[in-house]
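Asker: Quick one: structure below, then a few questions.
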Amino acid sequence: MSVSGPDFTTLWVSRISRNRLSLVLVAPTLLLLVLLLFFPPTGSEGGALLQFIGRFHPIAVHLPIALILLVPVLELVGRTQQFSYLQASVPFVLGVALLTALAASLLGWCLARNGGYSGPLVTQHLWGGFFVVVISSLCLGLCGREGRAARLYPIALAASIGLVGFTGYRGGQLSLGEDHLTEYMPGTLRKVLLVSRSSAGRATGGAATFYGVRIQPIFAGHCISCHGPSKQRAGLRLDSYAALMRGGKHGVVIKPGDARGSDLFRRITLPPSHDDFMPKEAKQPLSGDQIGLIEMWIAAGASKTQPDLMTGPGPQPVTVAAEVRFAEIDYAAVAKKRAAVDAALIELQKRFPNILEYESRGSADILLNASLLGPRFADEDLAALAPLQDHIVTADFSRTAITDRSAPAIAAMKRLRVLRLMDTKTSDVTVQSLTTLDQLESLSVFGTKITPAALPALARLTKLQHLYAGETAISSTRSLPESLKNKIVRE
Amino acid sequence: MADSESRVCRKTYSSSVGEVHPDVQFAALEAQTRRHFLRSLSSGVGALFMGTIASQVTHAAIVGGAAAEGTRLDFRRDPTTPLLALPPQFPAKVRRVIYLHMAGAPSQLELFEHKPELKRFDGQDCPASFLAGKRFAFISGVPKLLGSQYPFHQAGQSGQWISDRLPHIEQHMDDLCVIKSMRTDQFNHAPAQLLVQTVNPRLGYASFGSWVLYGLGTENQNLPGFIVLLSGGKSPDGGKQLWSSGFLPSVYQGVQCRSHGEPVLYLDNPSGVSRPLRRTMLDAIDDINQQTYAAFGNPETVTRIAQYELAFRMQMDATDAMDIRKEPEGVHAKYGAKPGKASFANNCLVARRLAERGVRFIQLYHWGWDSHGSDAKEALNLGFADRCREVDQPTAALLSDLKQRGMLEDTLVVWGGEFGRTPMRENRNGQEMKYIGRDHNPGAFTIWMAGGGVKRGVSHGETDDMGYEIAKDPVEIRDFHATMLYLLGFDHHKLTYQFQGLQQKLTSVKPARVVTEVLA
């Protein structure tokens, strides 16, 4: 008996394989249903092996998507005379789509359950995947049949496409962020589609409150990728005040009035190597200022409504037990920095042993302590230091023999932060020429002939913090420039 | 220098090994220990194994090891200038230290620890919970609680509490950073002083000053870089070990100077010996020492040469630096100093003169704070008040002089003892004693710092209401040292010296933390 013809063969093959396929697929579909119903994602991380397997979900998921979207194409194109043979491949494509969709869904569950996900996004994504499997099975059952089934088939097909779109969109939100489609949408298109700028990550506590202005942006910048609308690791969300105060599955994280007793504060102040340290992984740790703000806010009662009264660059945080981090010295970079000055320094160190040295092992700045030479150090010696003038940041000429003739040489050391002229013969002439030293923070003129006439020049040094003017004519004067009043140490 | 003399003969090695520099040879032999042996043994076995597979692997391991070595700081110097100044690891906040050690452990409860609750329970039996599991030097049975013997008040704009015993230091309260939560595990003076100065209660470790000198050298090559001055009539219980260099080369040990008469004995040339004659003599000795060094390669020989040379240079400079007669009368009055008489006041003035002359580490010990109440000198209401008078004015004058000259910006001043005292009145042998005193309390004590990089006018840490144990922010001795090294520009992990197969460091092998809360 020779029965031939493509139609029959296709039908026969598909009928057989459909029945078998449905038998093969019932068990895993039920398994998926049970997993979704009884083992939903909890937000905590599970076994490493399942996580490892789960990480293949994003790779595996694209094949069924493509195949399901291919089916209506095959159906439509197959209606034309020229491509009618394509219709015969529909059951096969649907079958492969179904198998791979099921596999991708199971992988997806592995990832969601064990990768620390929770929240409506991931739940909808999971159930979306499940219904894609269900509706794909339905399509497979309906395709190629007669009567009512033939009328239902296009509807089921349309529904499957809709579901794939919905599920895929949720998946995109999970991996790329909630507003991933509109985030970089051009403004004009945004207007046409009436899409408003997403408010995710923006203050939700009100514009003028301390929480809204100072605290929420810190969480938005550092925390909500894992503790936000998309993921809630440990069941914790930090994207709204209510959620923050509710805490996570380990209990409340903020105890109003008690920063050190608050788990959130404890975790952000741990050493970064600690297991409990937050933010985790490669994320940027909070800065000292941010930690200080959070501490202040909790200590003040962790209020949602307290107005933000701070102005200026931000608060000086109250004492925070920060850890010192020591950087390694990059000797190659140091050698490069020093290249311009090394030779001159070594040459001058021979002439003036012990009084010239680099500020530190990683620095090209130089400290000068001529006071050790006392009267043996005079104006011509100071002049000899000219090759180093751009590198000297601290200069102590106390008790040396320098006079006002050195004024230009000192004024040329433009990077000086500390200058000591204690017990020298320098006078107002020198001090008045120091206006070029805009980095100067500390100046000692103790025991010199300086007079109040030099003060207006010093008042122009914006960085000056301390003026040591004991045993001078200034120590008894009453009229001091306003800007120097708190900076002069006289007795 | 008797110490270095004994060390000269410590180890001698044959020079027959060939052309290896004696220094290198010595270091190599000294560094070879059980730990090295075990380490090279295990890596040797590993290398045999790896060698059969791929020689590059061991090569990579060796190169990697060398890279790790490269991150160590280099403290080597020309042996003839062992005290040469070296830059710190990081830009330093302070360039010198003046450490005022109050030997015998002053009572924090009579000076900085205001405890009204303790006052309320004055005279009552000490609760049993205070005594359970504790060891005391003298307290036995059930002692009575003892409130502060002196009234307290708040001082300065910072409003820190202080008793009426330190009216001069009180003027500087806004410059002080008072750490009230210092803790130790030693309750006898000598080991506790060793712990405070060497971060180890046993003998043989290098003192803080020696470490600083080793790490930074000193600016003035005509004066010792680490000078120790004593007052109070007795040496501290820990003895000269407190300024010992331990395992560091002995050139880094503290030089104890006398507070009256010649600062260093026999520094002056005897009559009939001129300075050129002395020079000729030294040249001859140096020559012999050089020959010895060439033959045996012991770096201690170089130390000895350097010390002779230092002494020669010191003949001029030390005498001048120590001579407080060169200060005007007003300055003597400010410190309460009386030239020619050994006193803490004189030493404070000398300390300022030494600091001005570029001495890296100046340490003053003032003995007599052990206020047990066993006699009038040790009584809180008698001898203790005298000690306060002896240190109050000079300490304040030193702070004021440093501040006036701008030197407090880059100097660290430290004031404190080796442990605290109990909130209980001492009852030696269970009897009430004639004088009022307190026993040793390692559980909590107070130290203050002032100077560059340190917060001003703050207290750090708290004790409980009785001032007995720490309630908040304990600071271990090694934390304190890690913090001081930080101010001096060092990561305490990186200021190391290879000895007995270990990278020895000041802060010991236990983890230490820089107390960032006190940093400005």
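The values are calculated or read from the model by the stated rules, or taken from the named source; none is laboratory data. Since the model is a prediction, treat every value here as computed from it, not as a measurement. Cβ atoms come from the backbone with ideal geometry, glycine included; neighbour counts cover every protein chain shown.
Asker: Could you please let me know if B:D392 is within 14 Å of another protein chain (Cβ to nearest Cβ), under 27 Å from B:G156 (Cβ atoms), outside any strand (DSSP E or B) and among the charged types (D, E, K, R)?
Answerer: Here the answer is no, as B:D392 does not meet what is asked.
Asker: Still on this model: Which one of these is part of a helix (DSSP H, G or I) and closer than 22 Å to B:P474 by Cβ: B:Q197, B:Q186, B:Q171?
Answerer: Matching residue, one of B:Q197, B:Q186, B:Q171: B:Q197.
Asker: Restricting the range A:427-451 to residues that are over 49 Å from the mean Cα position of the chain (by Cα) and crowded, with 18+ Cβ neighbours inside 10 Å, which is nearest to the other protein chains (Cβ to nearest Cβ)?
Answerer: Across the range A:427-451, the extreme among qualifying residues is A:F446.
Asker: Something else now. Is one or more of the residues making up the range A:110-122 surrounded by 22 or more Cβ atoms within 10 Å (Cβ to Cβ), modelled with pLDDT of 85 or more and farther than 16 Å from A:K231 by Cα?
Answerer: no
Asker: Restricting to the range A:246-269, what's the tally of residues that are surrounded by 14 or more Cβ atoms within 10 Å (Cβ to Cβ) and either under 21 Å from the mean Cα position of the chain (by Cα) or free of Cβ contacts under 8 Å to residues at least 60 places away in the same chain (or both)?
Answerer: Count: 16.
Asker: More than 20 Å from B:W415 (Cβ to Cβ), in contact (Cβ under 8 Å) with a residue 40 or more places away in the chain and more than 16 Å from the chain's Cα centre (by Cα): is that true of B:K144 in this structure?
Answerer: Yes, satisfied.
Asker: Scan the range B:451-465 residue by residue and report those that are out of contact with any Ser or Thr (no Cβ under 6 Å at 6 or more places or on another chain), part of a strand (DSSP E or B) and within 14 Å of another protein chain (Cβ to nearest Cβ).
Answerer: B:V454, B:V458, B:S459, B:H460, B:E462, listed by residue number.
Asker: Tell me, please, whether a residue that is under 18 Å from B:A444 (Cβ atoms) and among the small types (G, A, S) can be found in the range B:177-192.
Answerer: Yes, because at least one residue in the range B:177-192 is under 18 Å from B:A444 (Cβ atoms) and among the small types (G, A, S).
Asker: Return a yes/no flag: does the range B:326-334 have any residue that is in a loop (DSSP other than H, G, I, E, B) and at pLDDT 95 or above.
Answerer: Checking the range B:326-334: not a single residue is in a loop (DSSP other than H, G, I, E, B) and at pLDDT 95 or above.
Asker: Take the residues in the range B:360-389 that are away from chain A (no Cβ under 14 Å) and of a type in the set (K, R), then tell me which one is surrounded by the most Cβ atoms within 10 Å (Cβ to Cβ).
Answerer: Filtering first and then ranking leaves B:R387.
Asker: Still on this model: What do you reckon, is B:G406 surrounded by 21 or more Cβ atoms within 10 Å (Cβ to Cβ), closer than 23 Å to B:G383 by Cβ and in contact with a strand residue (DSSP E or B) (Cβ under 8 Å, 6 or more places away or on another chain)?
Answerer: no
Asker: Hey, can you tell me all the residues within the range A:320-342 that are farther than 19 Å from A:V393 by Cα and either surrounded by 14 or more Cβ atoms within 10 Å (Cβ to Cβ) or at the interface with chain B (Cβ under 10 Å from one of its Cβ atoms) (or both)?
Answerer: A:V320, A:A321, A:A322, A:E323, A:V324, A:R325, A:F326, A:A327, A:E328, A:I329, A:Y331
Asker: Among the residues of the range A:454-481, count how many are of a type in the set (G, A, S) and outside any loop (DSSP other than H, G, I, E, B).
Answerer: Result for the range A:454-481: 6.
Asker: Hey, another quick one. With more than 13 Å from chain A (Cβ to nearest Cβ), outside any loop (DSSP other than H, G, I, E, B) and among the hydroxyl-bearing types (S, T, Y) as the only criterion, which of B:Y497, B:Y468 stands out?
Answerer: B:Y497 is the lone residue from the list that is more than 13 Å from chain A (Cβ to nearest Cβ), outside any loop (DSSP other than H, G, I, E, B) and among the hydroxyl-bearing types (S, T, Y).
Asker: Tell me yes or no: at least one residue of the range A:270-281 is at pLDDT 80 or above, surrounded by 13 or more Cβ atoms within 10 Å (Cβ to Cβ) and within 14 Å of another protein chain (Cβ to nearest Cβ).
Answerer: Among the residues of the range A:270-281, at least one is at pLDDT 80 or above, surrounded by 13 or more Cβ atoms within 10 Å (Cβ to Cβ) and within 14 Å of another protein chain (Cβ to nearest Cβ), which makes the answer yes.
Asker: Now for a different question. Take the conditions out of contact with any Pro (no Cβ under 8 Å at 6 or more places or on another chain) and acidic (D, E) and apply them to B:E300. Does it pass?
Answerer: no
Asker: Which condition number does B:R478 fail, the rest of (1) in a helix (DSSP H, G or I); (2) within 14 Å of chain A (Cβ to nearest Cβ) being met?
Answerer: (2)
Asker: Would you say B:L488 is within 13 Å of chain A (Cβ to nearest Cβ) and in contact with a Pro (Cβ under 9 Å, 6 or more places away or on another chain)?
Answerer: So B:L488 fits the description; yes.
Asker: For the range B:104-154, which positions are closer than 22 Å to B:R387 by Cα, in contact with a Pro (Cβ under 9 Å, 6 or more places away or on another chain) and not in a loop (DSSP other than H, G, I, E, B)?
Answerer: Answer for the range B:104-154, where residues must be closer than 22 Å to B:R387 by Cα, in contact with a Pro (Cβ under 9 Å, 6 or more places away or on another chain) and not in a loop (DSSP other than H, G, I, E, B): B:L109, B:F152.
Asker: For the range A:52-74, which positions are in contact with a Leu (Cβ under 7 Å, 6 or more places away or on another chain) and of a type outside the set (A, V, I, L, M, F, W, C)?
Answerer: If the condition is that a residue be in contact with a Leu (Cβ under 7 Å, 6 or more places away or on another chain) and of a type outside the set (A, V, I, L, M, F, W, C), then A:G54, A:R55, A:H57, A:P72 are the ones that fit.
Asker: Checking the conditions here, which among B:D386, B:D392 is in contact with a His (Cβ under 7 Å, 6 or more places away or on another chain) and charged (D, E, K, R)?
Answerer: B:D392
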